[in-house]
Amino acid sequence: MPEHSPFDLAEGDPFGPHTLPYGVFSTADTPGLRRLGVRYGHHVLDLAALPDALPATAPHAALLTAPTLNPLLAAGRPVWQQVRAAVHSALTDPAHRTAVAPLLRPLDDVTLHLPFEVADYVDFYSSEHHATNVGRIFRPDGAALPPNWKHLPIGYHGRAGTVVVSGTPVVRPHGQRKSPADPAPVFGPSTRLDIEAEVGFVVGTPSALHAPVGLAAFREHVFGVCLVNDWSARDIQAWEYLPLGPFLGKSFATSVSAWVTPLDAFDAARTAPPARDVPPLPYLDDSAAEPGGLDLRIEVRLNGEVISRPPFAAMYWTAAQQLAHMTVNGASLRTGDLYASGTVSGPEPDQLGCLLELTQGKGPYLQDGDEVTLTAWAPGPDGARIGLGEVTGQVLPAAALPDGAPA
């Protein structure tokens, strides 16, 4: 086979046959046509064309030819597994190579888009290391953790409409801010713009209103995993969050990776969460469940320089517990719901997932023109690596306000 064959992957490529993440792409010749794709090495398999080339996928043609992942997400886990098996066969069975080779497009030749329509967005606060560090910065003379922290996964609802795909610029937000020394708040661009390295979970199968989703049903509802940078304006947030939670300081932009990696790709990365010194209530008790943690290794780069390597395995609350808590009051799930872990931080100084922690609250924070990139991988079967793609965003100056806007 020729050396340039897209089927020949470099050793250790994190986008091999054990990964197979889903995305949405378009091409220069038809920029308005969005198509589903699966990443394989440095190529994208055109799923919309797969049913014609591989008859075994014909029963799923309506899902594969959709312009977003949502129809596939809504189809449920048995269909997810059938499609994943068919894609794996298409890319690994030599008998299919002649038919499939024309459907592999070089990654550099496509434009990637937000892979699914976001229904609701929830952000959690589930790293004990992050919550403790932040508590010590904001409350040096008080308890680092609030009294409820080890009893439930703390979270808040964000804005689905400002979830954007990797590569989308982030415009510095305006808002009110007030330092302790200021007699009154002022209005203007945020001066303490920050990042938050997080992991996101994408819901596929919806649930009925008033029907909580228990820990055991996690795999039936969550389709896959993506990377998240939940940008934060710390000065806006500090002034507005008392007595309620984050609002304008968080809602201006949340960046996600262009690839959603199926949950089944992470079986070899399953790990036990940290030991808990406060027994959780029964609906959160995962002591008899499969290991709920994931051994994901995140890397944060600022203008190309590595500034942190947060370990997701250190998260106190798991994604299954977050889902159980999010629905225990009867709240329903919708296809396309996205919920994020909250900032991922570890116990070491080089494992902190935001500038607030990395600088002990003193800054510097992000400057106009700065570019932040998150990448991650997880251990796969037989020594393989499972890649999660990347989340990149560049900070642009605050936009000019229209006439009549507050000043």
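The values are calculated or read from the model by the stated rules, or taken from the named source; none is laboratory data. It should be emphasised that the depicted structure is a prediction, and the values quoted were computed from it without experimental measurement. When we count neighbours, we look across all protein chains shown, and the Cβ atoms used for this are built from the backbone with ideal geometry, even at glycine. Each accessible area value is taken on the protein alone, full model and side chains, heavy atoms only, with ligands, DNA and RNA left out. Shrake-Rupley method; radii C 1.70, N 1.55, O 1.52, S 1.80 Å.
Tell me, yes or no, whether the stretch 350-365 has at least one residue that is closer than 30 Å to His174 by Cα, out of contact with any Pro (no Cβ under 8 Å at 6 or more places or on another chain), among the hydroxyl-bearing types (Ser, Thr, Tyr) and in contact (Cβ under 8 Å) with a residue 40 or more places away in the chain.
Yes, the stretch 350-365 has at least one match.
Scanning the stretch 238-251 for residues that are farther than 29 Å from Leu388 by Cβ and of a type in the set (Phe, Trp, Tyr), which turns out least open to solvent (accessible area, probe 1.4 Å)?
Across the stretch 238-251, the extreme among qualifying residues is Tyr241.
In the set Ala398, Ala384, Ala319, Ala324, which member is within 17 Å of the chain's Cα centre (by Cα) and modelled with pLDDT of 95 or more?
From the options Ala398, Ala384, Ala319, Ala324, the qualifying one is Ala319.
Out of Asp286, Asp235, I need the residue that is touching a residue at least 24 places away in the same chain (Cβ under 8 Å), under 18 Å from Glu357 (Cα atoms), open to solvent by less than 40 Å² (accessible area, probe 1.4 Å) and of a type in the set (Asp, Glu). Which one?
Asp235
Per-residue answers, yes or no, for (1) over 21 Å from Trp259 (Cα atoms); (2) touching a strand residue (DSSP E or B) at 6+ places or on another chain (Cβ under 8 Å):
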site	(1), (2)
Pro311	no, yes
Gly346	yes, yes
Pro349	yes, no
Leu352	yes, yes
Leu355	yes, yes
Thr373	no, yes
Val391	no, yes
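Cβ-Cβ below 7 Å, separation at least six or inter-chain, first residue in the stretch 77-94 and farther than 16 Å from Gly41 by Cα and modelled with pLDDT of 95 or more, second among the aliphatic types (A, V, I, L, M) and surrounded by fewer than 21 Cβ atoms within 10 Å (Cβ to Cβ): which pairs?
Note: pairs meeting the criteria are Ala86/Leu54; Ala86/Ala56.
Hey, among the residues in the stretch 341-368 that are of a type in the set (D, E, K, R) and not in a loop (DSSP other than H, G, I, E, B), which one's least open to solvent (accessible area, probe 1.4 Å)?
Among those residues, the one meeting the criterion is Glu357.
Might you let me know whether the stretch 242-253 holds any residue that is in contact (Cβ under 8 Å) with a residue 40 or more places away in the chain and in a strand (DSSP E or B)?
Checked against the condition, which is being in contact (Cβ under 8 Å) with a residue 40 or more places away in the chain and in a strand (DSSP E or B), the stretch 242-253 yields no hits at all.
When you scan the stretch 127-196 for strands (runs of 3 or more DSSP E) that lie fully inside it, which ones turn up with 1 or more residues that are out of contact with any helix residue (DSSP H, G or I) (no Cβ under 7 Å at 6 or more places or on another chain) and among the aromatic types (Phe, Trp, Tyr)?
Filter on the stretch 127-196 gives 155-157, 186-189.
Name the one entry in Glu371, Glu390 that is surrounded by fewer than 23 Cβ atoms within 10 Å (Cβ to Cβ), closer than 18 Å to Val199 by Cα and either touching a residue at least 12 places away in the same chain (Cβ under 8 Å) or more than 17 Å from the chain's Cα centre (by Cα) (or both).
Exactly one of Glu371, Glu390 is surrounded by fewer than 23 Cβ atoms within 10 Å (Cβ to Cβ), closer than 18 Å to Val199 by Cα and either touching a residue at least 12 places away in the same chain (Cβ under 8 Å) or more than 17 Å from the chain's Cα centre (by Cα) (or both), namely Glu390.
Which of the following residues is out of contact with any Leu (no Cβ under 6 Å at 6 or more places or on another chain), of a type outside the set (S, T, N, Q) and surrounded by fewer than 24 Cβ atoms within 10 Å (Cβ to Cβ): Pro381, Pro310?
None of the others qualify; the one that does is Pro381.
For residues in the stretch 169-205 being among the hydrophobic types (A, V, I, L, M, F, W, C) and in contact with a Lys or Arg (Cβ under 9 Å, 6 or more places away or on another chain), which is farthest from Leu69 (Cα to Cα)?
Only one residue fits best here, namely Ala184.
Can you give me the number of residues within the stretch 85-117 that are in contact with a helix residue (DSSP H, G or I) (Cβ under 6 Å, 6 or more places away or on another chain) and open to solvent by 50 Å² or more (accessible area, probe 1.4 Å)?
Matching residues across the stretch 85-117 total 1.
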